[in-house]
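Written out below as structure tokens is the structure these notes cover.
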Amino acid sequence: MSINKFDRRQFLQGALCSGLLYGTGSLPSFMSTAQADPAPLNSKVVGNLFFDGGVDFRHLIVPAYDSSPDSFGNKYWKHRWRAHRVSQSDQATWQARFDNDYYPITVGGDGWNSGLTDVGGLNSGTTFGIWREAGWLIDMFQAGNVGLVFNAVGGTNRAHDLSSLMLNQGNLLSTLNQQDRSGWGGRLCRSAGGNSLSLLSSPTPFSFGPLGNAPNYDPNAIDNRELISVQNSREIGLFDFNFDDNQIYSTNQRRARTAKSYYAALRQEEIGEVYQKIMDHESKVREFGELIKARLESVPVPIYIQALMSGVNGPNGQPINPEPDSNSNNFGDPRRVLRNSYSFGRQIQNFYDVVAANPELNPRVLSMQYGGWDSHNSQRQIPGSLANDPNTTDNRGIESGFRDIFGGQFGNNPSDSNALHGGFSALWESLPNQSDRNNIVLTMAGEFGRQIRDNGDAGTDHGKGNLMLVIGDQCQGGVYGEMFPDSEVDKYDDTSLNTPDIDARTEIDPLFASVCDWVDSGSGRYVFPRTHPSYSGEAPIIERVGMFDSLMI
Amino acid sequence: MLLTQKTLSAFFLCVFRYCSQKKTVFKVSLALTSLLALPSFAAPLEKEKLAAVMSVINMYLMGESEANVELRLNEFIDRSFQVRESFSVTFAPQGQDVEICFVLSSSQIQVSINGQPQSANNAATQGENCYTVPASQQGNENTIEFITPDGQTATLSSISVETATPISLTLNSLTRSEWDEKAVRKVLKIFAFGGHATRSQIITWANMPPRFAIREMLNFEEHNLKLSPLAVGERYGQTATSYGKLADFAAFLADPNSDIPIPEGSREQYAVDNYNFDDSFVRLVTTRGLNPFRQRIGFWETNYHLAVNLETEVTREQMAAYYDEIMEAHEAGLPYHQVMGVAAKSAAIAMQYGHRRNEWVFDRGEDKFVLNGNYDYAREIHQLFYGIFGVNDPNHENGTIIETGKMLTDMRVPYIDGQGFPTSVTFETDQHHVGSLQILGHTISGADASQKIDNLMPISINHPESLVNLPSMIIGTLADDNLTPEKVVKINAAWVSMGSTNKNLLNFLRAYATSSVFHSSDQRKYLTSHERALFLANKFNLDNLESFFGGNSYLGGRAGRQVDNMIDDDAAGDIFEPLHNVFGGQTSQEAADSALSFEKNYNFHTQNEYATRDAAQCDSCDQGDAWWKKWPSVLPRRSDGNYYVEDVAPWLWRHVNGSLDDYSELERAHLYTLLGGYRVDVASDGELRNGHQDRTFDLPLLMCIVTDYQRREGSGADISLLNITSEFDAWGRSCTPDDDGGVYTTEERALLNKAYTGQEIANSPVIQSLLTQMGQRTFDFQSNDRVREFSLERINVGLGFIFTTPFVFAEAQ
């Protein structure tokens, strides 16, 4: 029998794991040195959140209402009244919606803190609002840690699957037949070193690594040597037999030993290439499961992260998010905070744990996802419970998602100090070291934007350009690109245009390449080959040349 | 003459990799008989019983006169003939190479073709034989002669003459000689969640020309009793004739008056309008007497290609109706564009996309008629149903989609107090855009949305983009994760070849399932969590009680295999709640990349192995009666009446993995040890202490005991299996903490941690000796209930091991 093609040496380097020594009777040498405390994050990490479904960020960040009929701030509300659930004709309701539900900021004026940038001065004097319940986003923006990139495009068409592929692969030239192309997260890992951590039940193409070694890897093929799946950091691992028990009496220990011995031996034999992924899972889950378990054994899940998923008491001993309904049997009991707790709350916990166990996992890129943004109808929903329960988890349309992701507070002067911590707010609050936050940058985008006019079903249909976000303590906060382009104003009322949308002015390549360069200087041009000076094809568009040169500090 | 051989056949037991292959002699002259058309409802007969029946039939047949048989091209004679002395078969020259195949019951037959005796490697053997006769060697009359030794008779059956290069819908088909048991099992795994066919039936299909076999394997009838026969002695056989639709079946499960073993108090959950409706679908797939191919396609249509989602506004009743309407359309043989028309006009789709609210109304503010609604389905009816993206069509976004939105107006699904939402759409005209519309470059007319949809569908399916994309969408999701451009060209050509008006999905799938494109070395398909869970359930369950239980415990007894929990554990999205909403459920690629799926499967079969092992027997779970898992009715049994480990192990492997391709020394060693390494504990009075019969060993533990015992007793120690497993000194005092001060020694730990490679196993005389001894052990299903229970449990344990291997996660050559 011949040895299979599994590249042990490369795996050991890439994953910093000596677990494949299993079979010799030894254990990984550094297991005994694993620490049982959260470790400070000493290397740079990108956390990428994919807004699956085509998010309408024009609902999260809106132009201020303007009574002038020809202004953007009037056209917007005139053509978005159904999506915002306000009156079609009573402009006072538009004004009230903005005033009550959006936190106003004027570029260079009120609410615009020093240190924020308006690249190119394109938006001076523009007043916009951030949805008030996105408290963490507001606080982070005002702290200068959020880059809002307008008129960006992740997919060149309005088909979910193709545009998602383009965005995740970091290649707007991808076609549906190119499913086996690497993702930009995987390529960054190959360039910068470290591992690609998927915090999902199944990795997305964003995480897939290229074939070959940096910088001359082949982006059009996949080699997932650095990919590690951590769907539930607190449960990951394969069941193993225990020497504390008498081995003859327990059937499940016999079965565990059989399976373990079998897989270790099978690795020495030649089997079909199709099964190599399964072999890879066995070794990675077994070894990383043990390492993570050792690290996290005495590291509790922080309270605010627990609260995302289940009812707990806060540091003061009082319930976080108590049930407000006095008629409920659960009156006063703590409740979970997130609507999408199972998936997104778990991802936040995984994020925290991966940072805590970063010496073992060597993370470079973390992949996250939040779906449900395909808001063709009822984009904003107002459940009856909301009237008396501002923290209800009943369906609020896409605002539920915004709240889950951006809700909360952070910093010394939060916009709403009574707000509960949402996903990232809880994470930021829970990270024990400033170095953790300094070394994390979050990138957020959907596969496409939505049309600028709502439809007759209180929703919005597929469009093109959109807002994208880069968030981190080392991000140069501010606005990048024209927030509400003058050229859009006429499109609102132009009845010859059936499906007007936001014109794409900036493709993802230069934006995310700048993030890659922050992680590993010079890597951006390889991760996004269209930004390489020697690229001979059509260069990616950018609203202002050099716009992202100082995006990351 | 060229000779091709096929792997054989039910009549012989194969020993791991080296399954013997038999060539059969074909006789020219046949004694005619049409024989053995067992009633399709009949349970498979045990070999001995079958032999007895054949003997009687043979006696009758022997009395008949002999006759020559003239074969025609592409004819399959699905009958058996008793042959004695000399017979001949003739066929006319065909002007092309042909392949002649037949099955013989004996190897004691000489065959000659056009006067040339077939000998040595070309000699026919027992089982199936195929000969290729080139056109150049065909005469004006071609004769095949069969000669039996004096006084002997043999049975000749399954005779066919086919072109040597068969084609179906422009796809190259496998020849009958290429179409074997492995190929049949592959089709069943991919297109029928494995199906429930007996091994005998599978071999029968393997011994037919593929185009004949595939018709029996894949059809849309509510009941396919060859694909899903009732078990021997099945107590719950109503499903062989009834409840073939999803809604009916769910009602059957929920009905307190149904004769099923689910306790009455636990049935309501399976009703169409109740929370475990998706589990009704699981049982629709796993229950015998129905049609797993129909459900496989129904699952793909409603969860992938034409997906709707119960997490949206779609009700369970609408989902069930949607499923059944689509499958009824398929069953009626409608062209695929009409099937999609049925889907497009359904209440489920109208709820899913929200266009049930779409209306064409006059807007006073804008002083014109406008669409009050959304354009979601206006886009997806083209993209998701047909693969039309509007590439290079400047009119797609602002023309086709807008006009399609107008088409989808006044499709009402009104909520009715006390009744909820209806399961069908009412097509109104008051708020419908009644005028003609320009969609996909064609004028689409119709008084209401229904008529317009009907008129659009034939245009959509013949749209150039659809012709290019739809076949790949079908095959890429169902059967092949590695669709190369070359393969796409081939399947597209097959699709186009059906003409513009009758592209039939069933015909397409049958042609593909028997094609060399599907049965090629570069085909690969990772199973999604749903596919794997349902496939493994069909490999585990043997009767309908197990399907109904689905791994649950009722009345104190566990039976059957879990499905829903497996899917939940994998976070793969519930059935009818696809992970990607209208874009479909978990993809094959996602499943393959999911370490979570591997982890959960592994831990289920190790940490929670009891759930598999324990589902073997109960005292009163069958409505107060005892129930026993029916392994004895399907496992290979020798003429001495015994079930040997060395027969059962490869049977189980092939049962799950389709062939013995990956059944090497490594797999054999572990499987033998789990099946045959049990401890025989004999009491002082010589009686078996049954309480210890369940102590199956694993290979490292067994070898640890042997090594430790040898170390202690010296080189002359008796390390026979009997001694190791029955003598307390051997098994009770070796490789235990007790003999070493309460802890395992370093050496013992190393042995228990040891991975025995296939090479080590093959080269170790000790292991080989133990394997030989374990292979010769038998399963005792008769001595007493305790022994019987442990025998059944050991088989479950063996199956659980197979379920843990990488090979259950994918299908590939």
Original post:
Hey, among B:PHE801, B:PHE781, B:PHE790, which residue is crowded, with 21+ Cβ neighbours inside 10 Å and either away from every other protein chain (no Cβ under 14 Å) or touching a Ser or Thr at 6+ places or on another chain (Cβ under 8 Å) (or both)?
Top reply: B:PHE801
**OP:** Determine, yes or no, whether B:GLU760 is within 23 Å of A:ALA265 (Cβ to Cβ), modelled with pLDDT of 95 or more, of a type in the set (D, E, K, R) and surrounded by 15 or more Cβ atoms within 10 Å (Cβ to Cβ).
**Re:** yes
Subject >> Residues within the stretch B:617-633 that are surrounded by fewer than 18 Cβ atoms within 10 Å (Cβ to Cβ), farther than 20 Å from B:SER783 by Cβ and touching a residue at least 24 places away in the same chain (Cβ under 8 Å), tallied >> reply: 3
Original post:
Is there a residue being surrounded by fewer than 20 Cβ atoms within 10 Å (Cβ to Cβ) and at pLDDT below 95 anywhere in the stretch A:91-110?
Top reply: no
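Results for (1) more than 9 Å from chain B (Cβ to nearest Cβ); (2) in contact (Cβ under 8 Å) with a residue 24 or more places away in the chain; (3) not in a helix (DSSP H, G or I), shown as yes or no for each residue.
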{"position": "A:LEU238", "(1), (2), (3)": "no, yes, yes"}
{"position": "A:ARG255", "(1), (2), (3)": "no, no, no"}
{"position": "A:TYR263", "(1), (2), (3)": "no, no, no"}
{"position": "A:GLU282", "(1), (2), (3)": "no, yes, no"}
{"position": "A:LEU291", "(1), (2), (3)": "yes, yes, no"}
{"position": "A:VAL301", "(1), (2), (3)": "yes, yes, yes"}
{"position": "A:ILE305", "(1), (2), (3)": "yes, yes, no"}
Original post:
When both residues are 6+ apart or on different chains and their Cβ atoms are under 7 Å apart, which pairs have a first residue that lies in the stretch A:389-418 and is of a type in the set (Ser, Thr, Tyr), and a second that is in a helix (DSSP H, G or I) and buried (at least 20 other Cβ atoms within 10 Å of the Cβ)?
Top reply: A:SER415/A:GLY135; A:SER415/A:ILE138; A:SER415/A:ASP139
Subject >> Residue identified as more than 7 Å from every other protein chain (Cβ to nearest Cβ), farther than 22 Å from A:ASN48 by Cβ and under 23 Å from the mean Cα position of the chain (by Cα) among A:ARG234, A:ARG267, A:ARG225, A:ARG190 >> reply: A:ARG234
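Considering each of B:LEU306, B:LEU384 in turn, give the residue that is within 26 Å of A:ASP501 (Cβ to Cβ), crowded, with 19+ Cβ neighbours inside 10 Å and at pLDDT 95 or above.
On the way: B:LEU306 fails: within 26 Å of A:ASP501 (Cβ to Cβ).
Unique residue meeting the criteria: B:LEU384.
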Original post:
Does the stretch A:416-433 contain at least one residue that is within 14 Å of chain B (Cβ to nearest Cβ) and either over 30 Å from B:ASN374 (Cβ atoms) or in a strand (DSSP E or B) (or both)?
Top reply: no
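Table: residues versus (1) farther than 24 Å from B:LYS754 by Cα; (2) assigned to a loop (DSSP other than H, G, I, E, B).
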position: B:ARG637; (1), (2): yes, yes
position: B:GLY641; (1), (2): yes, yes
position: B:VAL648; (1), (2): yes, no
position: B:HIS670; (1), (2): no, no
Original post:
Just one of B:TYR526, B:TYR512 is modelled with pLDDT of 95 or more and within 14 Å of another protein chain (Cβ to nearest Cβ); which is it?
Top reply: B:TYR526
Original post:
Just one of A:ASN195, A:ASN216 is of a type in the set (S, T, N, Q) and either in contact with a strand residue (DSSP E or B) (Cβ under 9 Å, 6 or more places away or on another chain) or within 13 Å of chain B (Cβ to nearest Cβ) (or both); which is it?
Top reply: A:ASN195
Original post:
Of the conditions (1) in contact with a helix residue (DSSP H, G or I) (Cβ under 8 Å, 6 or more places away or on another chain); (2) more than 22 Å from B:ASN723 (Cα to Cα); (3) within 14 Å of chain A (Cβ to nearest Cβ), B:ARG749 fails just one. Which one is it?
Top reply: (1)
Original post:
If you take the residues of the stretch B:763-778 that are in contact (Cβ under 8 Å) with a residue 40 or more places away in the chain and surrounded by 15 or more Cβ atoms within 10 Å (Cβ to Cβ), which of them is farthest from the other protein chains (Cβ to nearest Cβ)?
Top reply: B:THR778
Subject >> Members of the stretch B:148-179 that are touching a helix residue (DSSP H, G or I) at 6+ places or on another chain (Cβ under 6 Å) and assigned to a loop (DSSP other than H, G, I, E, B) >> reply: B:LEU169, B:THR170, B:LEU174, B:TRP179
Original post:
Taking interchain pairs and intrachain pairs at least six residues apart, which have beta carbon atoms under 8 angstrom, with the first residue in the stretch A:118-135 and of a type in the set (D, E, K, R) and the second part of a loop (DSSP other than H, G, I, E, B) and surrounded by fewer than 18 Cβ atoms within 10 Å (Cβ to Cβ)?
Top reply: A:ASP118/A:GLY108; A:ASP118/A:SER124; A:ARG132/A:ASP416
**OP:** Filter the stretch A:319-363 down to residues that are among the aromatic types (Phe, Trp, Tyr) and within 15 Å of A:VAL299 (Cα to Cα) and give me whichever is surrounded by the fewest Cβ atoms within 10 Å (Cβ to Cβ).
**Re:** A:TYR352
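Here is a yes/no grid of residues against (1) away from chain B (no Cβ under 14 Å); (2) at pLDDT 95 or above; (3) touching a His at 6+ places or on another chain (Cβ under 6 Å); (4) closer than 30 Å to A:HIS59 by Cα:
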position: A:GLY314; (1), (2), (3), (4): yes, no, no, no
position: A:PRO324; (1), (2), (3), (4): yes, yes, no, yes
position: A:ASP333; (1), (2), (3), (4): yes, yes, no, no
position: A:SER343; (1), (2), (3), (4): no, no, no, yes
position: A:ASN350; (1), (2), (3), (4): no, yes, no, yes
position: A:SER375; (1), (2), (3), (4): no, yes, no, yes
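To keep it simple, each residue is scored yes or no on (1) outside any strand (DSSP E or B); (2) buried (at least 19 other Cβ atoms within 10 Å of the Cβ); (3) within 11 Å of chain B (Cβ to nearest Cβ).
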residue: A:PHE448; (1), (2), (3): yes, yes, no
residue: A:ILE452; (1), (2), (3): yes, yes, no
residue: A:GLY459; (1), (2), (3): yes, yes, yes
residue: A:VAL479; (1), (2), (3): no, yes, no
residue: A:MET483; (1), (2), (3): yes, yes, no
residue: A:SER487; (1), (2), (3): yes, no, no
residue: A:TYR492; (1), (2), (3): yes, no, no
residue: A:LEU497; (1), (2), (3): yes, no, yes
residue: A:ILE502; (1), (2), (3): yes, yes, no
Original post:
Which residue out of A:SER124, A:SER207 is among the small types (Gly, Ala, Ser) and within 14 Å of chain B (Cβ to nearest Cβ)?
Top reply: A:SER207
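Conditions tested, residue by residue: (1) assigned to a loop (DSSP other than H, G, I, E, B); (2) among the small types (Gly, Ala, Ser).
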residue: A:LEU165; (1), (2): no, no
residue: A:ARG187; (1), (2): no, no
residue: A:ARG190; (1), (2): no, no
residue: A:PHE206; (1), (2): no, no
residue: A:GLY209; (1), (2): yes, yes
residue: A:ASN213; (1), (2): yes, no
residue: A:ASN216; (1), (2): yes, no
Original post:
Taking the condition buried (at least 22 other Cβ atoms within 10 Å of the Cβ) and either under 30 Å from A:ILE271 (Cβ atoms) or among the small types (Gly, Ala, Ser) (or both), does B:VAL517 pass?
Top reply: yes
**OP:** Scan the stretch B:560-587 for residues that are more than 10 Å from chain A (Cβ to nearest Cβ) and of a type in the set (Val, Ile, Thr) and jot them down.
**Re:** B:VAL563, B:ILE567, B:ILE575
Subject >> Residues of the stretch B:337-375 that turn out to be within 12 Å of chain A (Cβ to nearest Cβ), modelled with pLDDT of 95 or more, out of contact with any His (no Cβ under 9 Å at 6 or more places or on another chain) and more than 16 Å from B:GLU403 (Cα to Cα), as a count >> reply: 4
Subject >> Subset of the stretch B:588-616 that is within 21 Å of B:PHE779 (Cβ to Cβ) and crowded, with 20+ Cβ neighbours inside 10 Å - its residue that is nearest to the other protein chains (Cβ to nearest Cβ) >> reply: B:GLU609
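The values are calculated or read from the model by the stated rules, or taken from the named source; none is laboratory data. Just so it is clear, the structure is predicted and the values come from calculations on it, not from any experiment. When we count neighbours, we look across all protein chains shown, and the Cβ atoms used for this are built from the backbone with ideal geometry, even at glycine.
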